[in-house]
Amino acid sequence: MIPGPIGVFDSGVGGLTVLRALRSHMPQADFVYLGDTARLPYGTKSPDTVRRYALQAAEALRSRHVRALVVACNTASGFALDALSEHWPDVPVVGVVEPGAAAVCRRSPTGNIAVIGTESTIRGGAYQAAIARLRPGAKVRVRACSVFVALAEEGWFDTPAAAAVAQAYLDDWLQGEDPPDSLVLGCTHFPVLSDLIRRIAGDELLLVDSASTTAEVLAERLAPAGASHAGAGSLRFLATDGAERFARVGSRFLGQSIDPADVEIVDL
């Protein structure tokens, strides 16, 4: 029996940065990606709403016989991962928060860590809790950087406006008396701004993007099952609204062109 595809979902296109890393680590695997574009962003929603939306998105992917589920959304990973694992105990469920926290805890030289994310991710405290558990004694500071999401969606990765926003968010940390040695990009939109953040922060600051680490975790969990088949794996796109916008903006995050005709609109 040929294993089913790996399901990946996010509130929109940001999770395509995770999908990009997954495909790099598992090139022979089949993937189906669902962007809940009709109800984005999850980052401003209540925990109960995020859990409900996440369960509905996961159910849509389960109906397509996925063999694993990747929650490519920091907000949903923080609020809904336990509920998803309880609902589908027979399917590996991997979020992005724990791998990202584990990576920064391993790599931070001094444990002086900063985390940026959406309002709900920061307010929910998932990164703070995970880092405290994995590296007791770490100093953790956090900040909601919601404007970064809009900049990423617009494709304004390297503009004066993006630089001004990044400086407004980060300068007090970077120029303060006790600057962090590590910065966790706690939203799947943020990796496309990493070059800009790097130029502002300098080479000494460690940037941690959970996408690659999440891909490594999933690859390890699925290793006994092997690849889906020989050759390059397939890729399917689902969205809940706006196929043309999904394709246009999503192409920036995935790093390759997406044809709007290849985006299936589904109703959750």
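The values are calculated or read from the model by the stated rules, or taken from the named source; none is laboratory data. A quick note: this is a predicted structure, and the numbers were derived from the prediction, not measured. Here Cβ is always computed from backbone atoms with ideal geometry, including for glycine, and neighbour counts include all displayed protein chains.
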> Does at least one position in the range 86-96 carry a residue that is more than 19 Å from the chain's Cα centre (by Cα) and of a type in the set (Val, Ile, Thr)?
Replying inline: yes
>> Could you check the range 1-58 and list, in sequence order, the residues that are part of a strand (DSSP E or B) and surrounded by fewer than 24 Cβ atoms within 10 Å (Cβ to Cβ)?
In response: PHE31, VAL32
> Which of the residues spanning the range 228-242 are crowded, with 20+ Cβ neighbours inside 10 Å and modelled with pLDDT of 95 or more?
Replying inline: PHE237, LEU238, ALA239, THR240
> Quick check: anything in the range 214-224 on the phi > 0 side of the Ramachandran plot and not assigned by TED's automatic domain parsing to the domain that holds ARG123?
Replying inline: no
> Looking at the range 207-227, is at least one residue over 24 Å from ALA72 (Cβ atoms) and at pLDDT below 95?
Replying inline: no
